[in-house]
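What follows is a single structure, written as structure tokens, with notes after it.
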Number of protein chains: 2
Amino acid sequence: MTNDVHDVTPVALSTYRERLRRAAAAAADRGVDALLITPSPDYAYLLGYRAPAMERLTCLVVPAEGEPTLVVPRLEEPLARHGLGELTDALEIVAWDETDDPVRIVQRVVGSVLRVAVQDQMWARFALRLNAALDPAQLVEAGHTMAALRSVKSPEEIDRLRAAARAADEAMLAITAEPLGGRTELEVSRRIGEHLLAAGHDTAEFSIVASGPNAASPHHHAGERVISEGDAIVLDIGGTRDGYCSDTSRTAFVGEPPAEFAALFAVLREAQRAACEAVRPGIPAADVDAVARDLITDAGYGGAFIHRTGHGIGMETHEEPYIVASNTEPLVEGHAFSIEPGIYIDGQWGARIEDIVVCTADGGERLNTSSTELYIVE
Amino acid sequence: MTNDVHDVTPVALSTYRERLRRAAAAAADRGVDALLITPSPDYAYLLGYRAPAMERLTCLVVPAEGEPTLVVPRLEEPLARHGLGELTDALEIVAWDETDDPVRIVQRVVGSVLRVAVQDQMWARFALRLNAALDPAQLVEAGHTMAALRSVKSPEEIDRLRAAARAADEAMLAITAEPLGGRTELEVSRRIGEHLLAAGHDTAEFSIVASGPNAASPHHHAGERVISEGDAIVLDIGGTRDGYCSDTSRTAFVGEPPAEFAALFAVLREAQRAACEAVRPGIPAADVDAVARDLITDAGYGGAFIHRTGHGIGMETHEEPYIVASNTEPLVEGHAFSIEPGIYIDGQWGARIEDIVVCTADGGERLNTSSTELYIVE
């Protein structure tokens with residue numbers, strides 16, 4: 001029932017056949033007999049079209065060996081066939097009627113197995129019903145299996161991330177060229193939505209505008225506060241383009257910043273630059289986090305950097321790999337993620353700088369190219 | 001990270017306190033020791049603000065006895081406190097840091113119990129981790145408990161559904177007053193999005209425009225097909241207003257319909273009318289489905305009515321009660337749902353009529369008031 005008219009631009013059919021094959025192989029490697037993938041970015045990644053998550057179960061069954069099966073409500077079948085196109089030949093489609101029990105149908109398709117992995121965002125109601133129906137098979141998370149595939153981006157995917165990043169840069173430069181003082185956060189947020197679309201996004205997903213003391217809340221929702229002289233403003237914006245996400249943050253200041261804020265910002269900018277520089281294949285994600293965190297801590301702001309340094313990005317705004325102290329996995333070529341340290345002083349102000357960075361053989365490549373300086377606005 | 005700036009208009013604080021109390025009581029009635037509610041419509045229903053479902057776990061714990069606890073990522077805490085307002089006094093807030101394991105924190109809050117119910121749309125990754133952490137407690141679905149509360153609408157909720165329905169009627173009348181021939185489905189769909197917003201919706205959620213043979217696919221996505229003379233067009237549109245959903249379908253025809261289509265449509269219109277008339281407290285949902293289905297079957301179109309007659313509506317477009325053959329539960333005063341039979345002839349055409357109906361002591365009250373006739377368009 002969603003109005004998801006802009007599907008991912010078609011890529012070669014062979015890409016999806018290959019992804020299905022690799023998913024099956026990755027499942028086999030982990031001792032998983034079948035992956036159960038409900039509508040989600042994983043589903044779109046494997047099948048090339050988006051289906052809505054809803055109370056009627058749609059479930060792609062990818063066995064470690066053999067042909068995949070798509071279990072789909074009868075009235076979603078035409079949409080599925082349209083979305084799949086020629087990929088229909090690569091799988092079997094089983095449509096269920098309104099009074100059928102789709103969980104039993106998935107059970108029949110899966111057969112008698114030991115371990116089944118369910119898509120991370122599958123609704124709990126389905127996971128619990130499948131758990132009961134597939135007993136004594138063990139239900140495990142499909143997240144790691146799918147992340148192993150999806151976190152390593154192909155050159156074509158990186159091109160899409162680059163195009164999305166470029167569009168976000170354009171929107172960021174447009175909004176920071178406007179006078180912001182005297183407008184509410186909400187007005188500016190809506191204006192950013194227009195800029196995101198005008199710059200070539202298909203959807204405007206978020207536009208955090210956190211001004212003055214609100215800038216100390218990393219995920220503040222834009223509200224009725226009127227932006228004023230002397231405010232720091234954290235702008236964190238993004239959308240989607242051709243199925244891939246953008247996400248960039250810059251900090252602006254209304255008028256001349258006091259020395260105290262300029263000093264804080266200089267520390268942040270250096271930490272963000274150093275973390276980007278540290279990116280290379282083989283370095284643990286935790287070490288990239290530490291580069292930014294140590295510089296900020298050494299300057300006395302350690303307690304004010306209250307979130308991880310970054311998150312992977314692709315078909316989702318937040319996906320693996322996470323750039324966080326607890327992730328000791330090494331980065332590999334093709335990983336794409338944000339580097340976004342922030343410093344937040346409760347009740348006073350805050351700042352954040354965020355770029356999307358790709359790990360290449362030669363080190364980190366920033367996909368965002370707008371200046372990371374403090375944007376002085378009227 | 002969503003841009004969910006339009007929260008539900010504040011209602012009395014006592015409403016949310018009362019809902020939390022009733023949820024705890026409903027859990028106790030079902031032998032459930034605690035409800036675990038992640039961001040979802042259930043969460044917004046209980047707490048009065050929307051939080052994004054994301055990889056960082058936010059979880060409201062409602063014990064059958066005692067005070068609720070909200071487990072929230074540290075950097076979402078300001079947003080949570082802002083969203084909760086004075087309701088903060090009715091619960092405990094436990095914030096977790098980036099390197100904490102939030103599942104362990106929920107486990108500590110829940111304590112040693114026998115049965116825990118998880119929100120229907122909770123991500124499977126969290127459900128599986130909670131299942132392991134809470135062992136040997138049994139994990140069950142919270143869906144029925146929450147539906148028992150949410151499916152019975154208060155007069156205030158019905159007012160919101162009525163306002164949303166009125167806005168959808170206005171958009172439907174606006175689009176059917178325009179010439180549609182020569183335009184693509186996608187153009188018309190986007191235009192409907194504008195009409196939905198102009199008529200007072202906060203968001204335009206969907207606008208199915210299924211023309212000619214596409215009208216035979218109930219959930220067709222509007223595409224590049226050009227609408228032409230002799231096409232039937234199924235228009236199925238909706239949005240949200242003050243946190244409540246609209247959803248209405250009408251059928252249009254470009255030019256004069258042939259007798260064959262007019263006959264089909266007359267059967268459909270009578271079936272839809274009769275099903276609306278059948279609504280009263282105490283009648284099983286299945287019987288309302290049967291009223292529409294029997295009339296359509298008797299007229300020879302039984303195989304062409306390939307979906308249930310309707311679905312509940314409220315804060316979600318699809319929720320309980322479902323008007324389907326397998327639901328033998330009686331309707332009660334305050335239930336709100338769609339009545340939307342359809343007839344779909346593969347490769348040729350289709351038609352659907354959908355109203356939102358509330359079950360009152362006096363029978364069914366249609367919230368949609370636009371004519372259910374066939375709309376003849378240019």
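Give A:Gly302, A:Gly255 a once-over and let me know the one that is at positive phi, assigned by TED's automatic domain parsing to the domain that holds A:Gln348 and not aromatic (Phe, Trp, Tyr). I'd like the intermediate steps shown before the answer.
Numbers: A:Gly302 fails: at positive phi.
The unique qualifying residue is A:Gly255.
For B:Pro102, indicate whether it is more than 9 Å from chain A (Cβ to nearest Cβ), over 28 Å from B:Gly314 (Cβ atoms) and crowded, with 18+ Cβ neighbours inside 10 Å. Please lay out each step first, then the result.
On the way: more than 9 Å from chain A (Cβ to nearest Cβ): yes; over 28 Å from B:Gly314 (Cβ atoms): yes; crowded, with 18+ Cβ neighbours inside 10 Å: yes.
Taking the combined requirement at face value, the residue satisfies it.
So which residues in region B:310-326 are facing chain A (nearest Cβ under 10 Å) and either part of a loop (DSSP other than H, G, I, E, B) or in contact with a Gly (Cβ under 8 Å, 6 or more places away or on another chain) (or both), if there are any at all?
Selection gives B:Glu316, B:Thr317, B:His318, B:Glu319, B:Glu320, B:Tyr322, B:Val324, B:Ala325, B:Ser326.
What number of residues within region A:190-214 are closer than 20 Å to A:Ala177 by Cβ and not basic (Lys, Arg)?
Going through region A:190-214 one residue at a time, the tally reaches 16.
Restricting attention to region A:255-275, does a residue exist that is closer than 15 Å to A:Met172 by Cβ and aromatic (Phe, Trp, Tyr)?
no
Going by the conditions given, is A:Tyr49 within 14 Å of another protein chain (Cβ to nearest Cβ), under 19 Å from A:Leu13 (Cα atoms) and either in contact (Cβ under 8 Å) with a residue 24 or more places away in the chain or of a type in the set (Val, Ile, Thr) (or both)?
So A:Tyr49 fits the description; yes.
Might you let me know whether region B:340-353 holds any residue that is aliphatic (A, V, I, L, M) and within 29 Å of B:Tyr45 (Cβ to Cβ)?
Scanning region B:340-353, I find no residue that is aliphatic (A, V, I, L, M) and within 29 Å of B:Tyr45 (Cβ to Cβ), so the answer is no.
Answer yes or no as to whether B:Val109 is modelled with pLDDT of 95 or more, in the same structural domain as B:Gly83 (by TED's automatic domain parsing) and more than 30 Å from A:Pro39 (Cα to Cα). Please lay out each step first, then the result.
Values: modelled with pLDDT of 95 or more: yes; in the same structural domain as B:Gly83 (by TED's automatic domain parsing): yes; more than 30 Å from A:Pro39 (Cα to Cα): yes.
Spelling it out, B:Val109 is indeed modelled with pLDDT of 95 or more, in the same structural domain as B:Gly83 (by TED's automatic domain parsing) and more than 30 Å from A:Pro39 (Cα to Cα).
Could you grab me the full set of residues in region B:41-65 that are over 18 Å from B:Pro102 (Cα atoms) and either in contact with a helix residue (DSSP H, G or I) (Cβ under 8 Å, 6 or more places away or on another chain) or crowded, with 22+ Cβ neighbours inside 10 Å (or both)?
Those that are over 18 Å from B:Pro102 (Cα atoms) and either in contact with a helix residue (DSSP H, G or I) (Cβ under 8 Å, 6 or more places away or on another chain) or crowded, with 22+ Cβ neighbours inside 10 Å (or both): B:Pro41, B:Asp42, B:Tyr45, B:Leu46, B:Leu47, B:Gly48, B:Tyr49, B:Arg50, B:Ala64, B:Glu65.
Looking at A:Ala171 and the list (1) part of a loop (DSSP other than H, G, I, E, B); (2) within 14 Å of another protein chain (Cβ to nearest Cβ), which single condition is not satisfied?
(1)
State the number of residues belonging to region B:32-51 that are within 18 Å of the chain's Cα centre (by Cα), farther than 16 Å from B:Val94 by Cα and not acidic (Asp, Glu).
Adding up the residues that qualify gives 9.
Any residue at all in region B:224-233 that's surrounded by 24 or more Cβ atoms within 10 Å (Cβ to Cβ) and of a type in the set (Gly, Ala, Ser)?
yes
Let's see how each residue does on (1) surrounded by fewer than 18 Cβ atoms within 10 Å (Cβ to Cβ); (2) in the same structural domain as A:Gly239 (by TED's automatic domain parsing); (3) modelled with pLDDT of 95 or more; (4) in contact with a strand residue (DSSP E or B) (Cβ under 6 Å, 6 or more places away or on another chain):
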{"site": "A:Asp289", "(1), (2), (3), (4)": "no, yes, yes, yes"}
{"site": "A:Ser338", "(1), (2), (3), (4)": "no, yes, yes, yes"}
{"site": "A:Ile343", "(1), (2), (3), (4)": "no, yes, yes, yes"}
{"site": "A:Asp346", "(1), (2), (3), (4)": "yes, yes, no, no"}
{"site": "A:Arg352", "(1), (2), (3), (4)": "no, yes, yes, yes"}
{"site": "A:Val357", "(1), (2), (3), (4)": "no, yes, yes, yes"}
{"site": "A:Ala361", "(1), (2), (3), (4)": "yes, yes, yes, no"}
{"site": "A:Glu373", "(1), (2), (3), (4)": "yes, yes, yes, no"}
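Restricting attention to region A:209-223, which residues are more than 8 Å from every other protein chain (Cβ to nearest Cβ) and of a type outside the set (Gly, Ala, Ser)?
Answer for region A:209-223, where residues must be more than 8 Å from every other protein chain (Cβ to nearest Cβ) and of a type outside the set (Gly, Ala, Ser): A:Val209, A:Pro213, A:Asn214.
With respect to the numbered conditions (1) away from chain B (no Cβ under 14 Å); (2) in a strand (DSSP E or B), which one is the sole condition not fulfilled by A:Ile343?
Every listed condition holds for A:Ile343 apart from (1).
Which of the following residues is of a type in the set (S, T, N, Q) and out of contact with any Asp or Glu (no Cβ under 7 Å at 6 or more places or on another chain): A:Gln119, A:Gln138?
Only one candidate passes the filter, namely A:Gln138.
Does B:Val226 fit the bill of being β-branched (Val, Ile, Thr), at pLDDT 95 or above and in contact with an Asp or Glu (Cβ under 6 Å, 6 or more places away or on another chain)?
no
Within region A:227-263, count every residue that is in contact (Cβ under 8 Å) with a residue 60 or more places away in the chain, among the small types (Gly, Ala, Ser) and touching a helix residue (DSSP H, G or I) at 6+ places or on another chain (Cβ under 9 Å).
The qualifying residues number 7.
Among the residues of region A:191-208, is any of a type in the set (Val, Ile, Thr), within 21 Å of A:His318 (Cβ to Cβ) and surrounded by fewer than 18 Cβ atoms within 10 Å (Cβ to Cβ)?
Yes, that holds for at least one residue.
Cβ contacts < 6 Å: first residue touching a residue at least 40 places away in the same chain (Cβ under 8 Å), restricted to region A:267-290; second residue among the hydroxyl-bearing types (Ser, Thr, Tyr) and part of a helix (DSSP H, G or I), any location; separation 6+ or different chain. Result?
Between residues of region A:267-290 that are touching a residue at least 40 places away in the same chain (Cβ under 8 Å) and residues that are among the hydroxyl-bearing types (Ser, Thr, Tyr) and part of a helix (DSSP H, G or I), there is no close pair.
Being over 23 Å from the mean Cα position of the chain (by Cα) and among the aromatic types (Phe, Trp, Tyr): is that true of A:Trp96 here? Reasoning before the result, please.
Values: over 23 Å from the mean Cα position of the chain (by Cα): yes; among the aromatic types (Phe, Trp, Tyr): yes.
For A:Trp96, the condition - over 23 Å from the mean Cα position of the chain (by Cα) and among the aromatic types (Phe, Trp, Tyr) - is met.
Cβ-Cβ under 7 Å, sequence separation 6+ or interchain: first residue in region B:189-205 and within 12 Å of chain A (Cβ to nearest Cβ), partner part of a loop (DSSP other than H, G, I, E, B). Which pairs?
Matching pairs, first to second residue: B:Ser189/A:Asn3; B:Ser189/A:Val5; B:Ser189/B:Ala222; B:Glu205/A:Asn3; B:Glu205/B:Thr317.
Inspect region B:86-98 for any residue being closer than 20 Å to B:Ala137 by Cα and surrounded by 20 or more Cβ atoms within 10 Å (Cβ to Cβ) and give the result as yes or no.
Just the residues of region B:86-98 that are closer than 20 Å to B:Ala137 by Cα, to begin with: none.
There is no residue in region B:86-98 that is closer than 20 Å to B:Ala137 by Cα and surrounded by 20 or more Cβ atoms within 10 Å (Cβ to Cβ).
So in region A:130-160, with the set limited to residues that are within 27 Å of B:Thr145 (Cβ to Cβ) and out of contact with any strand residue (DSSP E or B) (no Cβ under 8 Å at 6 or more places or on another chain), which one is surrounded by the most Cβ atoms within 10 Å (Cβ to Cβ)?
Among those that are within 27 Å of B:Thr145 (Cβ to Cβ) and out of contact with any strand residue (DSSP E or B) (no Cβ under 8 Å at 6 or more places or on another chain), it is A:Ala133.
Could you check B:Glu86 against (1) modelled with pLDDT of 95 or more; (2) over 29 Å from A:Ile37 (Cα atoms) and say which number it fails?
All conditions are met except number (1).
One line per residue, one yes/no per condition, for (1) among the basic types (Lys, Arg); (2) crowded, with 21+ Cβ neighbours inside 10 Å; (3) within 14 Å of another protein chain (Cβ to nearest Cβ); (4) not in a helix (DSSP H, G or I):
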{"position": "B:Arg250", "(1), (2), (3), (4)": "yes, yes, no, yes"}
{"position": "B:Gln272", "(1), (2), (3), (4)": "no, yes, no, no"}
{"position": "B:Glu277", "(1), (2), (3), (4)": "no, no, no, no"}
{"position": "B:Thr297", "(1), (2), (3), (4)": "no, no, no, no"}
{"position": "B:Arg308", "(1), (2), (3), (4)": "yes, yes, yes, yes"}
{"position": "B:Gly334", "(1), (2), (3), (4)": "no, no, no, yes"}
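The values are calculated or read from the model by the stated rules, or taken from the named source; none is laboratory data. A quick note: this is a predicted structure, and the numbers were derived from the prediction, not measured. Counting neighbours? That spans all protein chains shown, and the Cβs are built from the backbone with ideal geometry, glycine included.
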